[in-house]
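Data block below; observations after.
The values are calculated or read from the model by the stated rules, or taken from the named source; none is laboratory data. Please read all numbers here as calculations on a predicted model, not as lab measurements. Here the Cβ is made from the backbone with ideal geometry for all residues, glycine too, and neighbour counts use every protein chain on show.
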Amino acid sequence: MIELKPCPFCGGKARLKRLRGGYKTNPTTAIFDSWQVVCQSNCCRTSEFEDEIYHADNGEVVVKHNGAEEAAETWNKRV
Ligand SMILES: [Zn+2]
């Protein structure tokens, strides 16, 4: 779990928000949840980042996109 820096504008706490849960079934069943980091006092937010997580044919779990992590990284970069 990535730690979130405080909001660059108001100094408030930030939190990770799941905007919606989603999945696609072609070619495999993949998770496509959508994530965003928002400031507690709602003054700013990142754009949305989608997951893309699925099981490969060899049984390995592939995390092509970790939306939660990408949203958090984007948030932490804007200082
Ligand atoms: Zn703020």
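For this structure, a couple of remarks:
- Residue within the range 47-70 that is surrounded by 18 or more Cβ atoms within 10 Å (Cβ to Cβ), within 16 Å of the ligand (Cβ to nearest atom) and either modelled with pLDDT of 95 or more or among the aromatic types (Phe, Trp, Tyr) (or both) present: no
- Within the range 4-17, the residues that satisfy the criterion of being touching a helix residue (DSSP H, G or I) at 6+ places or on another chain (Cβ under 8 Å) and not in a strand (DSSP E or B) are LEU4, LYS5.
- Number of residues in the range 18-53 that are within 17 Å of ALA72 (Cβ to Cβ) and among the polar types (S, T, N, Q): the value is 5.
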